[in-house]
Structure formats: structure tokens, C-alpha cells
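Notes for the one structure printed next.
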Amino acid sequence: MKNWVLLGLILLVSSRIAAQTEGRKDSLKTEKLPAVALDSTTLAQADSLKNVKKKWMPVPKTATKLALIPGAGQIYNRDYWKAPIVYLAFGGGLYTYYLNTIKYHDFLDAYKSFYVLDKSDPNYGQRKKELAGDDATVNVRVRNLLNTSSEYRDATHSQIVRQKNYWRRNRGFAIIVTGLIYTLSIIEANVAAHLKTFDLSDDLTLNVSPKLNQPMMREPTPGVRMVFNFK
């Protein structure tokens, strides 16, 4: 009889344990996570972050290389208004060199006409007898700025020498100025590219506050302190 009672108790306990285990499994299966509601502000911020475009920044090294072609570095930096200035300055320097070269060769040809240039002549390199006097003149070809027309003028040997040297100096000066313009255009493209990489945002604040301790003052002295905050 006792054996049957113990067997009944064991079956009862095991059935309750099985029922509790199945109940827990069912509760875990049916439990749902709480839904998080997203408001319109959060969605708008997420959309704005997606639509933000990265600000274009020039590469100084690339700008310098492109600046070897006059005006190309300024166009790469998107400083389009600077390109015509570079073209005008560089073109003006080249035109000045061309003009002075024309004038120099005009007076150089006139200068050569005073001397014997035939190498077979025993007087090669000397002044011609008919042009040996100080008052002797020759015709000098003078061309206009566009080299479309020319005229001849009489000039003495000393006048031609002065004009020849004058236009030669101007030609050399034009070469120097043109080279400086070319170099400055390259430097400007490099510097402008570097400046565009700096933070130029509007988040620059100035804080003005009182200050008692002043430099070079042993005792407290009232003053004003200005602090710039760059963020």
C-alpha cells in the first residue's frame, strides 16, 4: 500500500513540473519586444544626414601642378575671376617682350649698316669710309605696334646705339617681369588651395570678460579680457 502511495506522489509532482516548464516556454514564445516609435524630428534628422554633401576641398599639390599652365590652377581652385587677370598679365608681358624685340632688331639692323660685314673684305668689322663721320646718317626702319606698317627715319651712329641699347634693356626687363608673373600665378594657386582647406565656418565666437590680474602688474588691476573661440 505504501508503495502505491509513493508512486502516486511521484507522478503528481512530475506532472506539475512538466506543466510549469511548458507554461514558461509558451510565455517566452508569445512575449514581444516593445515597439519604439520614431517621431518626425528624428526621421528628419536622419534624412538630413543622408543628404549632406561633403564640401569640396582643393588639393594644393594638384593646384600647383596645374598652375604650370597659366590660369589652370585658378580654374581648378574655382576662382574663375582670377583666370582672366592671369591671362591679361601674362599676355601683356609676352606682348611687351615681342614689341621690344621688334624695336631692338630695327635699330640693330641700322647699326650693322655702319660696318663692313663681308668676311672676305680686309676691312671686315670696321666702319665704312662713307659713314665714318659723326654726322653720317642711315635710314632706320621703324615698325608700328601691330607690325602692319613701317617707316624710315634718318639717325646718326650715336643715336642708333642709344636706341639699340634702350630696346635691348627693355626686352630683358620684359622677360624678367613675365617670369615673375608666371611664378606669382603658381604661388597664388598653391596659397589659395591651402586657404580653402581651412575651417572658415560661422562658429567663431568672441567672449569678453573682466580680468583683475594684468601682465607686468604686481597688484590686481581691473581690465578686460577678450577670448576668441574657434570651433
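Read the figures in this text as sums done on the coordinates, not as results from a lab. Only a predicted model underlies this, so the values are computations on that prediction, with no experimental measurement involved. Glycine gets a Cβ as well: all are built from the backbone with ideal geometry, and neighbour counts include every protein chain shown.
Go through the residues of segment 159-172 one by one and say whether even a single one is surrounded by 17 or more Cβ atoms within 10 Å (Cβ to Cβ) and over 53 Å from the mean Cα position of the chain (by Cα).
The answer is no; no qualifying residue exists.
Give me the residue from segment 56-106 that is of a type in the set (Phe, Trp, Tyr) and touching a residue at least 60 places away in the same chain (Cβ under 8 Å) and, out of that set, surrounded by the fewest Cβ atoms within 10 Å (Cβ to Cβ).
The selected residue is Phe90.
May I ask you to verify whether Ala110 is surrounded by 12 or more Cβ atoms within 10 Å (Cβ to Cβ) and among the small types (Gly, Ala, Ser)?
Criteria met by Ala110.
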